[in-house]
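Student: Can you read through this structure? Questions will come right after.
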Amino acid sequence: MAEPRPAFDLTAPEFDEVGDASLADLVAQLIDGLGEDVEREGLVKTPERVSRSLRFLTAGYHADLTTVVNGALFASEGSEMVVVKGIEFYSLCEHHMLPFFGKAAIGYVPNERVLGLSKFARVVDLFARRLQLQERMTSQIADALMEVLQPKGLAVVTEASHLCMMMRGVEKQGSTTRTSAMRGIFRQDARTRQEFLEALD
């Protein structure tokens with residue numbers, strides 16, 4: 001049985017310094033399989049660098065929702081919609097392990113409590129830093145925030161560019177993909193949904 005991976009802290013600045021010898025060995029094999037000389041000067045340290053990079057880019061596997069939120073919930077008497085937008089994210093598509101990246105927008109109608117604003121970006125990273133499908137990631141963010149906030153309703157919209165469409169395949173540089181997940185009154189009430197979508201413009 002393989003040894004469990006260490007539980008990395010997504011927020012730790014030293015995260016990118018954590019190496020993984022077994023993963024570096026696999027990267028070296030990959031470089032060799034591509035026909036390159038892994039011993040040449042420019043590539044000698046590449047397997048270790050790629051190992052650190054991949055561990056960082058998939059750090060969402062080693063974090064959990066409770067730790068990310070870290071108790072940053074606060075009582076609120078208001079019930080007006082809160083919208084947080086322009087949250088940058090970077091992920092790796094699970095089909096080609098090529099990056100996709102873009103921005104997320106989150107809206108919710110509180111039900112007696114609100115979440116510290118920085119935690120929305122943390123929750124987005126929790127799911128973006130995995131091998132992902134954009135559609136799944138969007139739903140995972142919505143479901144996680146519904147669990148934490150238990151709001152009257154919540155919506156998540158993500159828009160991203162996918163390098164698997166830009167660098168290979170159809171090679172369409174200007175294409176973007178938008179996905180959305182609506183929960184509670186955002187799904188049930190067209191006016192609430194429209195108010196959120198208009199706030200994104």
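Read the figures in this text as sums done on the coordinates, not as results from a lab. Note that the coordinates shown come from a computational prediction; the quantities given were computed from them, not determined experimentally. We place every Cβ from the backbone using ideal geometry, glycine too, and count neighbours over all the protein chains shown.
Student: Where Lys and Arg each count +1 and Asp and Glu each count -1, what net charge lies around THR177 among other residues with Cβ under 13 Å from its Cβ?
Tutor: Net of charged neighbours comes to +2.
Student: Which longest run of the chain has no exposed loop site in it, a site being GluC sites (Glu not before Pro) in a DSSP loop with at most 15 other beta carbons within 10 Å, and the site itself not part of the run?
Tutor: Longest site-free region, per DSSP loop and neighbour criteria: 113-170.
Student: While we're here: How many percent of all Cα-Cα pairs in region 14-57 sit more than 17 Å apart?
Tutor: Percent of Cα pairs beyond 17 Å in region 14-57: 27.
Student: Where does each of LYS103, LYS152 land when they are ranked from fewest to most other beta-carbon atoms within 10 angstrom?
Tutor: Sorted ascending by nearby Cβ count, the order is LYS103, LYS152.
Student: Label region 123-201 by shape, choosing from rounded, prolate and oblate, from the square roots a ≥ b ≥ c of the eigenvalues of the Cα gyration tensor; if a/c is under 1.5 it is rounded, and otherwise prolate applies when a/b is larger than b/c, oblate when it is not.
Tutor: Oblate.
Student: Something else now. Which aspartates and glutamates have a Cα less than 15 Å from the Cα of LYS45, not counting those fewer than 8 places away in the same chain?
Tutor: ASP16, GLU17, ASP20, ASP25, ASP32, GLU36, ASP37
Student: A follow-up question, please. Are there trypsin sites (Lys or Arg not before Pro) in region 164-201 that DSSP puts in a loop and that have at most 11 other Cβ atoms within 10 Å, and which ones?
Tutor: Numbers: sites: ARG168, LYS172, ARG178, ARG183, ARG187, ARG191, ARG193; in loops: ARG168, LYS172.
When the trypsin sites (Lys or Arg not before Pro) of region 164-201 are filtered for loop state and at most 11 Cβ neighbours within 10 Å, ARG168, LYS172 remain.
Student: Something else now. Report the one residue of ALA72, PHE101, SER139 whose Cα lies farthest in the direction of the positive end of the charge dipole of the chain (charges on C-beta: Lys and Arg +1, Asp and Glu -1; origin at the Cα centre).
Tutor: So the residue furthest toward the plus end is SER139.
Student: Still on this structure: Place +1 on the Cβ of every Lys and Arg and -1 on the Cβ of every Asp and Glu in region 18-140, take the dipole about the Cα centre, and give the residue among LEU43, GLY86, LEU115 whose Cα lies farthest towards its positive end.
Tutor: Comparing the listed Cα positions along the dipole, LEU115 ranks first.
Student: Same structure again: Taking only DSSP H segments of four or more residues, each worth -39500 (n - 2.57), what value at 222 nm results for the chain once the sum is divided by all its residues, to the nearest 500 deg cm²/dmol?
Tutor: -10500 deg cm²/dmol
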